[in-house]
Amino acid sequence: MDLTYSPDQEDFRDRARSWLAANVPTAPLPSPATADGVAAHREWERLLHEAGFAALHWPREHGGGGAGLVEQALFAEEYVKAGAPVRLNRLALTLAGPTVMALGSAEQRERWLPGMLTCDELWCQGFSEPEAGSDLAGVRTRGEIDGDKLVVTGQKVWTSLSAFAQWMFALVRTDSAQRRHRGLTFVMIPMDAAGVELRPIRQLHGEPGFSEVFLTGVRVPVGNVVGDIGAGWTVAMTTLGFERGGLGDHARFARDVGDLVELARRAGVADDPVVRDEVAARFVEVQQFRRHVELVTSRLAAGTPVDAQASITKLYWSEMEARIFETALRILGPLAELTVEAPMNLAAPGLHRRYWHARASRIFAGTSEVQRNIIAERVLGLPREPRWTPT
Ligand SMILES: Cc1cc2nc3c(=O)[nH]c(=O)nc-3n(C[C@H](O)[C@H](O)[C@H](O)COP(=O)(O)OP(=O)(O)OC[C@H]3O[C@@H](n4cnc5c(N)ncnc54)[C@H](O)[C@@H]3O)c2cc1C
């Protein structure tokens, strides 16, 4: 592992740092899971795009920054340190866009990539269904070919940002005679098409972005299929392969641990040895994570694929994030029950939201149990779990 940065990389870091210092909004933007928040984040995304920072990881030929992995990690670190807003169109920039670049036609690239970069078109992910979460091959939403249209009927669930998205990249079953991974197709569905109905899922924080998506006879041009009809599993695995697992996010977690120290001071428990032990443990975990991310970045930059080891990254950060916010609530003790508006409240705005979200991090992008299975079988080479069969 090489931890030194070249002069060019240091220059890049300085340039990114100065631009962020001059442009990051001074007040926090409203949550991106609300209509006001989406509008405000779109403005911010436009600024990022104009400065060439919207998609550093995309090749220049597709309008991206063409930056190396180390520059991407440096930017991500500076981004968090500058307190910049969370990214709005993440699913487009990290999943849908790279999939279209890898497996889409020239026409599809021209149609979809520019709107992802400018954030004029927001994207959501329509993979999960009531009977297909961890077991994605269980997808039942049907797609029937009718001339030059694919007619889609079924239900997606837990669709983040669906209330505001213009497009959904979805996995549908086009051949019901085939089972599991075969007979699936990857298709881009316009969210304003007739037959798309959203039923909001109410969340603890009350924000409206999350929904179930019901699809009834939705007619989608066959030209919106990415890859071949019936080859959707390969396309979906390409998509999920782009989830690299939080390069640069260690800066966000380091900031969160700094916030724990502040919180302990405000709560008057900064000298409590139990609290000190717990906060120190969180600090050490974040430092370990940073080293892990540097190792992964260094390997990827040298062209060594990390494959199933990406599960270690996802498992580590999501479990660590949950522990950080559990520590925050333990520091607050009974005061953790108070709302932000309560006179005796000590929690910073957003702390409870982050606590709830950290619990969801153990579920989305592959649950912790599923990540442990992958690590056991494909990293450590342990025997496969026995398949459960009904008696
Ligand atoms: C906040 C949030 C946002 C999300 N956003 C999206 C989105 O935008 N688009 C989208 O398509 N999906 C999204 N999801 C869905 C997410 O991908 C699924 O929730 C996840 O894949 C788990 O599937 P499931 O909920 O059906 O649970 P299940 O797969 O039914 O799992 C239930 C439990 O069984 C365990 N389990 C399952 N299989 C195994 C196994 N083989 N071995 C051991 N344990 C197992 C799981 O770990 C879990 O604890 C989101 C989820 C959340 C929480």
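The values are calculated or read from the model by the stated rules, or taken from the named source; none is laboratory data. Computed from a predicted structure; not experimentally measured. Cβ sites come from the backbone with ideal geometry, for glycine too, and all protein chains shown count toward neighbours. We work out accessible area using only protein heavy atoms, side chains counted, and drop any ligands, DNA or RNA first. Shrake-Rupley method; radii C 1.70, N 1.55, O 1.52, S 1.80 Å.
State all residues of the stretch 101-134 that are open to solvent by 40 Å² or more (accessible area, probe 1.4 Å), among the charged types (D, E, K, R) and modelled with pLDDT of 95 or more; if no residue qualifies, say none.
Listed by number, the residues that qualify are GLU107, ARG109, GLU110, ARG111, ASP120.
Can you tell me which residues in the stretch 68-79 are crowded, with 20+ Cβ neighbours inside 10 Å and out of contact with any Ser or Thr (no Cβ under 9 Å at 6 or more places or on another chain)?
GLU71, LEU74, PHE75, ALA76, GLU77, GLU78, TYR79
Given the criteria over 23 Å from the mean Cα position of the chain (by Cα) and either part of a loop (DSSP other than H, G, I, E, B) or not small (Gly, Ala, Ser) (or both), does LEU295 qualify? Outline the logic, then answer.
Working: over 23 Å from the mean Cα position of the chain (by Cα): no; either part of a loop (DSSP other than H, G, I, E, B) or not small (Gly, Ala, Ser) (or both): yes.
In short, no.
Hey, among the residues in the stretch 365-380 that are open to solvent by 60 Å² or more (accessible area, probe 1.4 Å) and more than 9 Å from the ligand (Cβ to nearest atom), which one's modelled with the lowest pLDDT?
The qualifying residue modelled with the lowest pLDDT is ARG378.
Is it fair to say ALA280 is in the same structural domain as ALA328 (by TED's automatic domain parsing), open to solvent by less than 60 Å² (accessible area, probe 1.4 Å) and out of contact with any helix residue (DSSP H, G or I) (no Cβ under 9 Å at 6 or more places or on another chain)?
Working: in the same structural domain as ALA328 (by TED's automatic domain parsing): yes; open to solvent by less than 60 Å² (accessible area, probe 1.4 Å): yes; out of contact with any helix residue (DSSP H, G or I) (no Cβ under 9 Å at 6 or more places or on another chain): yes.
For ALA280, the condition - in the same structural domain as ALA328 (by TED's automatic domain parsing), open to solvent by less than 60 Å² (accessible area, probe 1.4 Å) and out of contact with any helix residue (DSSP H, G or I) (no Cβ under 9 Å at 6 or more places or on another chain) - is met.
Among (1) without any contact (Cβ under 8 Å) to a residue 12 or more places away in the chain; (2) over 24 Å from the mean Cα position of the chain (by Cα), where does PRO305 come up short?
(2)
So, in the stretch 114-128, of the ones that are of a type in the set (S, T, N, Q) and either over 17 Å from VAL235 (Cβ atoms) or not in a loop (DSSP other than H, G, I, E, B) (or both), which residue ends up farthest from the ligand (Cβ to nearest atom)?
Keep residues of the stretch 114-128 that are of a type in the set (S, T, N, Q), which gives 118, 125, 128.
Now drop any that are not either over 17 Å from VAL235 (Cβ atoms) or not in a loop (DSSP other than H, G, I, E, B) (or both), which leaves 118, 125.
On the way: THR118: 21, GLN125: 4 Å.
The selected residue is THR118.
For the stretch 209-224, what are the residues that are touching a Ser or Thr at 6+ places or on another chain (Cβ under 7 Å) and outside any strand (DSSP E or B)?
GLY209, PHE210
Name every residue in the stretch 17-36 that is touching a residue at least 60 places away in the same chain (Cβ under 8 Å), open to solvent by less than 60 Å² (accessible area, probe 1.4 Å) and not in a loop (DSSP other than H, G, I, E, B), in order of residue number.
The answer is LEU20, and nothing else.
I'm trying to understand the selection: among the residues of the stretch 298-317, which are part of a helix (DSSP H, G or I) and either among the hydrophobic types (A, V, I, L, M, F, W, C) or under 18 Å from ASP259 (Cα atoms) (or both)?
Taking the stretch 298-317 as the starting set, the residues that turn out to be part of a helix (DSSP H, G or I) are 298-301, 307-317.
Of everything in the stretch 298-317, those that are part of a helix (DSSP H, G or I) and either among the hydrophobic types (A, V, I, L, M, F, W, C) or under 18 Å from ASP259 (Cα atoms) (or both) turn out to be LEU300, ALA301, ALA308, ALA310, ILE312, LEU315, TRP317.
Please tell me if ALA84 is at pLDDT 95 or above, within 17 Å of the chain's Cα centre (by Cα) and surrounded by fewer than 20 Cβ atoms within 10 Å (Cβ to Cβ). Give the derivation first.
Working: at pLDDT 95 or above: yes; within 17 Å of the chain's Cα centre (by Cα): yes; surrounded by fewer than 20 Cβ atoms within 10 Å (Cβ to Cβ): yes.
Here the answer is yes, as ALA84 does meet what is asked.
For the list (1) within 21 Å of ASP249 (Cα to Cα); (2) surrounded by fewer than 16 Cβ atoms within 10 Å (Cβ to Cβ); (3) within 13 Å of the ligand (Cβ to nearest atom), I need the number of the one condition that LEU315 fails.
Condition not satisfied by LEU315: (2).
Give the residue that is farthest from the ligand (Cβ to nearest atom), with candidates limited to residues of the stretch 102-113 that are more than 28 Å from VAL370 (Cα to Cα) and of a type outside the set (Asp, Glu). Lay out the reasoning, then the answer.
Here is the first cut: in the stretch 102-113, the ones more than 28 Å from VAL370 (Cα to Cα) are 104-113.
With the extra rule that they be of a type outside the set (Asp, Glu), the set shrinks to 104-106, 108-109, 111-113.
Details: GLY104: 20, SER105: 24, ALA106: 27, GLN108: 21, ARG109: 23, ARG111: 22, TRP112: 18, LEU113: 20 Å.
Per the criteria, the residue is ALA106.
Starting from residues that are within 15 Å of the ligand (Cβ to nearest atom) and not β-branched (Val, Ile, Thr), keep the ones in the stretch 140-158 and report whichever is farthest from ALA231 (Cα to Cα).
Per the criteria, the residue is TRP158.
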